[in-house]
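The values are calculated or read from the model by the stated rules, or taken from the named source; none is laboratory data. This is a predicted model, so every value here is computed, not measured. Cβ sites come from the backbone with ideal geometry, for glycine too, and all protein chains shown count toward neighbours. Remember, those area values only see protein heavy atoms, side chains included, never the ligands or the DNA or RNA. Shrake-Rupley method; radii C 1.70, N 1.55, O 1.52, S 1.80 Å.
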Amino acid sequence: MLKQRTIKHSVRASGIGLHSGKQVNIRLCPHHEDGGIVFRRTDLQPAVDLPARAHLIQESFMCSNLIQGNAKVGTVEHLMSAVAALGIDNLLVEVDAPELPILDGSAAPFLFLLLQAELNEQTTAKKFIQIIQPVEVKVDDKFARFEPYDGFLLDFTIDFKHPIFAQEHQNRCLELSTQSYTEQVSQARTFGFLKDLEYLQANNLALGASLENAIGLDENSVLNEEGLRFADEFVRHKILDAVGDLYLLGHQILAKFTAYKAGHAVNNQLLRTVFDQPDCYRVVTSKDFVRPPINYVPV
């Protein structure tokens, strides 16, 4: 039986916020059973807790932002992605700014931090949200869909009209496990176009963006001196984002996820649609399975 997980020790990290451009400090802490993933704004008086839940995503342009009252924690998707891949159910994230640090633009540094903190198995059975009927959302030519599946399979397609985006590198499938995620997805970085940077920064976005924490693209090529980490790094990063966004459902999902040109907003709309259609899912525990539906790193 798979049991809930947290971490054994607290760990700290600091870095620049991608959109604010300001220094951010975080501390990842153990959390109690059935506590879920909670972000705590320690710079506010009193401190404010924001649970990692889909209905608190009130802004989703360029990143996923949790907002509750006047408190906000932005760019949560990379950390949430690493947390999901390790099968962590309960975690307290203390942060002293309205945005998490971007670090190198991937989830690999967060994965490293969590493993340094060591995983700790708790006593309660791990819960899953199992899709039992198809659910789909469409926005213009974009779509995202869940279908019943014994595990968690992501099939993502992007469609960028740019010389560096070769057609054969715009689709990728991933059967989620800690190993597949670590090897194939965790190091894929966020990316952006130079032509959009002036507009974004005029709107107080991407103020901390650099070639140290993102892939930069001009009209013809990659600007980073070291090039890409994978030929299809762009679609791999979209899968990374999706794993984090979808974990805002509250538990690991059991489904096939298919997406075309979907981003944070479409991902969040799909989660809200799931909750609006309670007949399409059920909450199960690892006791309901003969074998684990997802293979996580052993504790």
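One residue stands out in the stretch 276-299 among those that are more than 18 Å from Ala84 (Cα to Cα), modelled with pLDDT under 95 and among the hydrophobic types (A, V, I, L, M, F, W, C): the one that is least open to solvent (accessible area, probe 1.4 Å), namely Phe289. Asn268 meets the conditions (1) of a type outside the set (Phe, Trp, Tyr); (2) at pLDDT below 95; (3) buried (at least 18 other Cβ atoms within 10 Å of the Cβ) in every case but one. The failed one is (2). Using the structure shown, decide if Lys22 is closer than 25 Å to Ala214 by Cα, at pLDDT below 95, among the charged types (D, E, K, R) and surrounded by fewer than 24 Cβ atoms within 10 Å (Cβ to Cβ). Judged against the criteria, Lys22 is a match. Residues that are open to solvent by 10 Å² or more (accessible area, probe 1.4 Å), acidic (Asp, Glu) and free of Cβ contacts under 8 Å to residues at least 60 places away in the same chain do occur in the stretch 55-75, at least one of them. Could you tell me whether the stretch 155-172 includes any residue that is open to solvent by 30 Å² or more (accessible area, probe 1.4 Å), farther than 23 Å from Val266 by Cα and of a type in the set (Ser, Thr, Tyr)? No, that holds for no residue. Taken together, Leu240, Leu217, Leu249 contain a single residue that is open to solvent by less than 50 Å² (accessible area, probe 1.4 Å) and over 22 Å from Ile102 (Cα atoms), which is Leu249.
Note on the stretch 98-116: residues that are aliphatic (A, V, I, L, M), open to solvent by less than 10 Å² (accessible area, probe 1.4 Å) and assigned to a loop (DSSP other than H, G, I, E, B) total 3.
Looking only at the stretch 195-213, decide whether some residue is within 20 Å of Leu111 (Cβ to Cβ) and either among the basic types (Lys, Arg) or in contact (Cβ under 8 Å) with a residue 60 or more places away in the chain (or both).
First pass over the stretch 195-213, keeping only residues within 20 Å of Leu111 (Cβ to Cβ): 212-213.
Filter once more, so that each one left must be either among the basic types (Lys, Arg) or in contact (Cβ under 8 Å) with a residue 60 or more places away in the chain (or both): 212-213.
So far as the stretch 195-213 goes, yes, one or more of its residues are within 20 Å of Leu111 (Cβ to Cβ) and either among the basic types (Lys, Arg) or in contact (Cβ under 8 Å) with a residue 60 or more places away in the chain (or both).
Of the numbered criteria (1) farther than 30 Å from Ala97 by Cβ; (2) out of contact with any Phe, Trp or Tyr (no Cβ under 9 Å at 6 or more places or on another chain), the one Ser177 fails is (2).
Criterion applied to Leu194, Leu205, Leu200 was being aliphatic (A, V, I, L, M), modelled with pLDDT under 95 and loosely packed, with under 14 Cβ neighbours inside 10 Å, and the one residue passing it is Leu194.
Residue count for the stretch 1-31 under the criterion of being under 30 Å from Lys127 (Cβ atoms) and in contact (Cβ under 8 Å) with a residue 60 or more places away in the chain: the result is 18.
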